[in-house]
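Participant: Sharing a structure with you now.
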Amino acid sequence: MTGSAVRLSKIEKGYGASQVLRNIDLTVEAGEFMTLVGPSGCGKSTLLKILAGLDQPDAGSIEIGGELVNRLRPSQRDIAMVFQSYALYPHMRVRDNLAMPLIMANLPFVARMPVIGHLVPGMSARRRQVGSTIGEVAKSLGIEALLERKPSELSGGQRQRVALGRAMVRHPGVFLMDEPLSNLDAALRTQVRTELVELQRRLNATFLYVTHDQVEAMTMSGKIAVMMNGALVQVATPAEVYAAPADIRVARFIGSPPINILPAQIGERGDIRLFGESQKLRTDLAPGERIQIGIRPEDVAVVAQTQPLGASSLKHARIRLIENLGNEVIIHLILTGDGQVPVTARLPQRDWAEVRASGGDPDLVRVGLWPERFLVFDGAGRLARSEKLRDAARLEAVS
């Protein structure tokens, strides 16, 4: 199986006075796993339905495998869709659920009838082919032993595999998945995530996956398309979206625990002033402009009051809450003396144990921040690109 490329151009969609999709341009390459991610109501499921042909855009074009499909019915678009609800036929065995798409596509109406269908000349070979395809798909998904069961006799993960199998039997060019794992518990969701990624690689199929769960998006995708308020904000690899979010909305949405956002200002010489102190970082932004600094929790250093730390913006902090996750610790802090600013830090368990072993007041620590790890967002919330940021110490050394 080889996937088909998908191209959406200038897609617009509204319902009455509400504009749901705004000028969407998106390309998914053949064989790519792309995830549409964003908060509830941002338009990602609507976009998937338009691509599937279940809804029509107000404007724009849709291409699948290089073919314009705007006027084609869903059954003619070479796609298969897997929903949040598994949508299995409850009265049918797994075998029959898997066979249904093939029977509808390959057997005429008379041949589908329970008794008369077996008497129609020339249908035996087609039925054998349907059976062979079901066997191959069931083997690839590990559900061979479930073929004679009904959906009510299956676990959530097994039902999800059957729903995937029903999509696979048609050998579509594109798989569309609308939050297919949201009904599974946490442990099973992790397992099925891994299976989906392996399946996509094995099939070399094109997957367009919709979720509001950033963990799914970050761990499964080759690329992420982040949507906000009906518009595409950023399309990039998971690593790029995390390290260089296009704007502050993306920065806040991607990352767990969430990014720390601190208010700052551009000084008279173009330097960044955080907590009233000049940082070793300058920008091309206008002096006096109010900006915001993003700092990922893992980039916040925490030491005991008695420990040395060679970091800039060294601040005293009070511990609000400690979340022990086993291999790491999430520490919720309040910076003292700076308007009680909240900050979250993420430390390896070993580092946190060293902090605790240093003694002193268990509720008080020092926090260190490094300017070179700052994400700088201008007054409009856009990321100040690297060409606008300069290490002040390095510039001063040259001059």
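The values are calculated or read from the model by the stated rules, or taken from the named source; none is laboratory data. Model, not experiment: these values are computed from the prediction. For neighbour counting, all protein chains shown are included, and Cβ atoms are generated from backbone atoms with ideal geometry for every residue, glycine included. These area figures cover heavy atoms from the full protein model, side chains too; ligands, DNA and RNA do not enter into them. Shrake-Rupley method; radii C 1.70, N 1.55, O 1.52, S 1.80 Å.
Participant: Report whether or not E240 is within 33 Å of the chain's Cα centre (by Cα), of a type in the set (D, E, K, R), over 25 Å from A357 (Cβ atoms) and open to solvent by 20 Å² or more (accessible area, probe 1.4 Å).
Facilitator: Judged against the criteria, E240 is a match.
Participant: Residues of the stretch 256-269 being touching a helix residue (DSSP H, G or I) at 6+ places or on another chain (Cβ under 8 Å), surrounded by fewer than 20 Cβ atoms within 10 Å (Cβ to Cβ) and in a loop (DSSP other than H, G, I, E, B), which ones?
Facilitator: Selection gives S256, P257, P258.
Participant: Further, regarding this structure: Might you check whether a residue that is open to solvent by 10 Å² or more (accessible area, probe 1.4 Å), within 17 Å of A138 (Cβ to Cβ) and not hydrophobic (A, V, I, L, M, F, W, C) occurs anywhere in the stretch 223-236?
Facilitator: There is no residue in the stretch 223-236 that is open to solvent by 10 Å² or more (accessible area, probe 1.4 Å), within 17 Å of A138 (Cβ to Cβ) and not hydrophobic (A, V, I, L, M, F, W, C).
Participant: Which condition from (1) under 21 Å from D178 (Cβ atoms); (2) modelled with pLDDT of 90 or more; (3) not in a loop (DSSP other than H, G, I, E, B) is the one that P101 breaks?
Facilitator: Failing condition for P101: (2).
Participant: Step by step: first the residues of the stretch 52-82, then only those that are aliphatic (A, V, I, L, M) and open to solvent by 50 Å² or more (accessible area, probe 1.4 Å), then the one that is farthest from Q160 (Cα to Cα). Which residue is that?
Facilitator: Applying the filter and picking the extreme gives L68.
Participant: Does the stretch 350-363 contain any residue that is part of a strand (DSSP E or B) and either surrounded by fewer than 19 Cβ atoms within 10 Å (Cβ to Cβ) or within 33 Å of the chain's Cα centre (by Cα) (or both)?
Facilitator: No; the residues of the stretch 350-363 include none that is part of a strand (DSSP E or B) and either surrounded by fewer than 19 Cβ atoms within 10 Å (Cβ to Cβ) or within 33 Å of the chain's Cα centre (by Cα) (or both).
Participant: In this structure, does T35 turn out to be free of Cβ contacts under 8 Å to residues at least 60 places away in the same chain and within 18 Å of the chain's Cα centre (by Cα)?
Facilitator: no
Participant: Which pairs do you get when a residue that is closer than 10 Å to A301 by Cα, found in the stretch 335-349, comes within reach of a residue that is open to solvent by 50 Å² or more (accessible area, probe 1.4 Å) and not in a strand (DSSP E or B), reach meaning Cβ atoms under 7 angstrom, with the pair 6+ apart or on two chains?
Facilitator: Between residues of the stretch 335-349 that are closer than 10 Å to A301 by Cα and residues that are open to solvent by 50 Å² or more (accessible area, probe 1.4 Å) and not in a strand (DSSP E or B), the close pairs are R346/E298.
Participant: Another one. Quick check on the stretch 321-335. Is at least one of its residues part of a loop (DSSP other than H, G, I, E, B), over 30 Å from V241 (Cα atoms) and either polar (S, T, N, Q) or open to solvent by less than 40 Å² (accessible area, probe 1.4 Å) (or both)?
Facilitator: The answer is no, given that none of the residues of the stretch 321-335 is part of a loop (DSSP other than H, G, I, E, B), over 30 Å from V241 (Cα atoms) and either polar (S, T, N, Q) or open to solvent by less than 40 Å² (accessible area, probe 1.4 Å) (or both).
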